[in-house]
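Here the structure is laid out as structure tokens; the discussion comes afterwards.
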Amino acid sequence: MRMIRRTTRIVSCSLHSLCVCFLFLNLTIATEVHLWPQPKVVEWGDGPAIVLADNFSIYVPYKGVLKRAAKRYQKLLNRERWVPIQSAPENRWSQCAYELESLSISVTNTAAELQHGVDESYTIMVKGCETMKPTLPAALLSAETVWGALHGLETFSQIVRLRSRVTKSKRSIPHTVLIKDSPNFPHRGVMLDTSRNFYPVKSIMRTLQAMAYNKLNVFHWHITDSHSFPLELVSEPELANQGAYGSKERYSASDVNRILKFARDRGVRIIPEIDMPGHTGSWAEAYPEIVACHGEFWLAPSGQWEDRFAAEPGGVGQLNPLLPQTYKVVKNVIDEVAHLFPDGFFHGGGDEVNFGCWNNNTDIREFVNGGGSMNDLLERFLREAHSYTTTKKKTTIYWEDVILSSSINVSLSVLPREETILQTWNRGAANTKLLVSAGYRTIVSSSDFFYLDCGRGGWVGNDSRYDQQVDDDPNNRVNYGGDGGSWCAPFKTWARIYDYDITFNLTKEEAKLVLGGEVALWSEQADDTVLDSLLWPRAAALAESLWSGNKAPNGMKRGAEALDRLNDWRFRLLARGINAAPLQPYWCLKHPGQCNVNA
């Protein structure tokens, strides 16, 4: 945030061809306004607060998404009576003689589609009332596209606040505002697994709304896995009929369309993931003949981890790439899902293909004994499945395992760079470097930083590792279960997420291939009851780090300053119906700076 200490004039023309001059006085601001995510450029002028008129309205000369958004924000502004937790005393405020009656919105390109790379920039200008020459306040939100205007509406809603908690206090905004904003990364996402535990449609929609509040623009929907297949498909009805947990734990085409419309109205893209050829045990409920090792215990009889059939209970089952029937089902699934979801990206999974599972199948063992390899099997499957998504004019995303797995992988020639994006989840910055140096566009979801399910303890039963009473070696955490049985412990705090630089150690050219990042909530120990508290405000930390960065203009990390704003933002999310988890004792919010490590 920059405080204006110089006289600056900015001239802009509004919707009505009215030339508006914004004069920033040579004074510092009296109060601070917390915004999240922090915009790129924020300039406040000093002067009396501008009160919103009782009949304040948002003027939108467009139909469709932006018109509906204006109505939502109009209702939000009418009902939200926000007083920041760290608010200044009321006696520090003075009031403009005139009230702000409207916000006008101008969009250059109303036809731009909601796809990867669309322009999301916006500008907000509010002209205050001048003391020497009284004029009416004016506010303008301008954007290149509708999607940038949506972000601008959110920011405008955040600068509106009450002067105090007094009942008769009116809504107001700072005197004179200039905000110029755009994201650092085009891909800012949340991944949610709806296979291991089911989430009702209302829960997904609540998550999408919270994402829009935080300017997160990608919902990566990990719809299916070995545990369940909850998506109803006309072309393959038995996959959900047999593979879902029950008739109430399914998503119909109507549900999907509701979710898609809700998301689009909020500027959020939805990328579907149908994980395959691994993580497909649920497919065996309908087609047991095409799924290898289904029904086996997840750990191999040998007791060796490298011989395992799956990485966890319920995860057993991998599609058999040797059978023509496999590709008939796969093509039907990809064709229908690609039709259901209009986004240009399609996630094909590809992670954790286990040697032990395929090796358990007689046909596959004969194939290998005849000179084939497990790598050949994965290559055969990916070439065929990739052709289906390419035919649908989709860019396919795969997890990094397809080329980086130490057990089963394919050569780079199998996955054309212009048609493929890889998503990294292992070894932090090291694997990001491997992917981009190979020329692939990359999405970062490093488990050491962005996995929100980590550090909450183990969940497998009959685990004797917990039955340890003596701590002979404090450095041996596994000896006494010191990691709680969580493979990716510890818990990922907001600060760990916020401070992670997803382009660390990359050249400028390599960094251009990093599209952005996603926090991931795998659902072994999550469902609707804990969804909000696991996502928020930690996902909000990702939102700012990918929007405007985690560093101040001087290059220093701004985590301490960010915590004050994030704390306040958490309480505002609560007021908006998002049950975000607490970050600190309430005392810390009332005593800014007193809970820091350094004074």
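The values are calculated or read from the model by the stated rules, or taken from the named source; none is laboratory data. The shown structure was predicted, so the numbers you read here are calculated from the model rather than taken from an experiment. Glycine gets a Cβ as well: all are built from the backbone with ideal geometry, and neighbour counts include every protein chain shown. Just so you know, the surface numbers come from the protein's heavy atoms only, side chains and all, with ligands and any DNA or RNA stripped out. Shrake-Rupley method; radii C 1.70, N 1.55, O 1.52, S 1.80 Å.
For the range 330-337, the criterion of being open to solvent by 10 Å² or more (accessible area, probe 1.4 Å), farther than 25 Å from ASN431 by Cβ and not in a helix (DSSP H, G or I) is satisfied by no residue at all.
With respect to (1) open to solvent by 60 Å² or more (accessible area, probe 1.4 Å); (2) among the basic types (Lys, Arg); (3) under 21 Å from ASP351 (Cβ atoms), the lone exception for ARG264 is condition (3). GLU544 passes every criterion in (1) more than 23 Å from ASP181 (Cβ to Cβ); (2) open to solvent by less than 40 Å² (accessible area, probe 1.4 Å); (3) of a type in the set (D, E, K, R) apart from (1). Taking the range 421-448 on its own, how many of its residues are touching a Gly at 6+ places or on another chain (Cβ under 7 Å) and either of a type in the set (Gly, Ala, Ser) or open to solvent by 30 Å² or more (accessible area, probe 1.4 Å) (or both)? Going through the range 421-448 one residue at a time, the tally reaches 3. Considering only residues in the range 403-417 that are of a type in the set (Gly, Ala, Ser) and assigned to a loop (DSSP other than H, G, I, E, B), the one that is most open to solvent (accessible area, probe 1.4 Å) turns out to be SER406.
Consider the range 546-599 and keep the residues that are touching a residue at least 40 places away in the same chain (Cβ under 8 Å) and among the polar types (S, T, N, Q). The one that is nearest to TYR213 (Cα to Cα) is ASN579.
Can you tell me which residues in the range 346-397 are of a type in the set (Lys, Arg) and within 13 Å of ASN320 (Cβ to Cβ)? So that I can check it myself, show each step before the final result.
Taking the range 346-397 first, the residues of a type in the set (Lys, Arg) are 365, 380, 383, 392-394.
Answer for the range 346-397, where residues must be of a type in the set (Lys, Arg) and within 13 Å of ASN320 (Cβ to Cβ): ARG365, ARG380.
When the range 298-328 is filtered for residues that are touching a residue at least 60 places away in the same chain (Cβ under 8 Å), surrounded by 21 or more Cβ atoms within 10 Å (Cβ to Cβ) and over 27 Å from the mean Cα position of the chain (by Cα), the ones remaining, listed by number, are ALA310, VAL316, GLY317, LEU319, PRO321. Checking each residue in the range 40-74 for being part of a helix (DSSP H, G or I) and either open to solvent by less than 30 Å² (accessible area, probe 1.4 Å) or basic (Lys, Arg) (or both) picks out VAL65, LEU66, LYS67, ARG68, ALA69, ALA70, LYS71, ARG72, TYR73.
Among the residues making up the range 424-457, those that are within 20 Å of PHE185 (Cα to Cα) and in contact with a Cys (Cβ under 6 Å, 6 or more places away or on another chain) are SER447, TYR451. Residue selection: LEU589 fails the criterion of being at pLDDT 95 or above and either part of a loop (DSSP other than H, G, I, E, B) or buried (at least 20 other Cβ atoms within 10 Å of the Cβ) (or both). Considering only residues in the range 145-193 that are among the charged types (D, E, K, R) and at pLDDT 90 or above, the one that is most open to solvent (accessible area, probe 1.4 Å) turns out to be LYS180.
Of all the residues in the range 547-563, those that are in contact with a helix residue (DSSP H, G or I) (Cβ under 8 Å, 6 or more places away or on another chain) and either open to solvent by less than 10 Å² (accessible area, probe 1.4 Å) or under 23 Å from GLU80 (Cα atoms) (or both) number 3.
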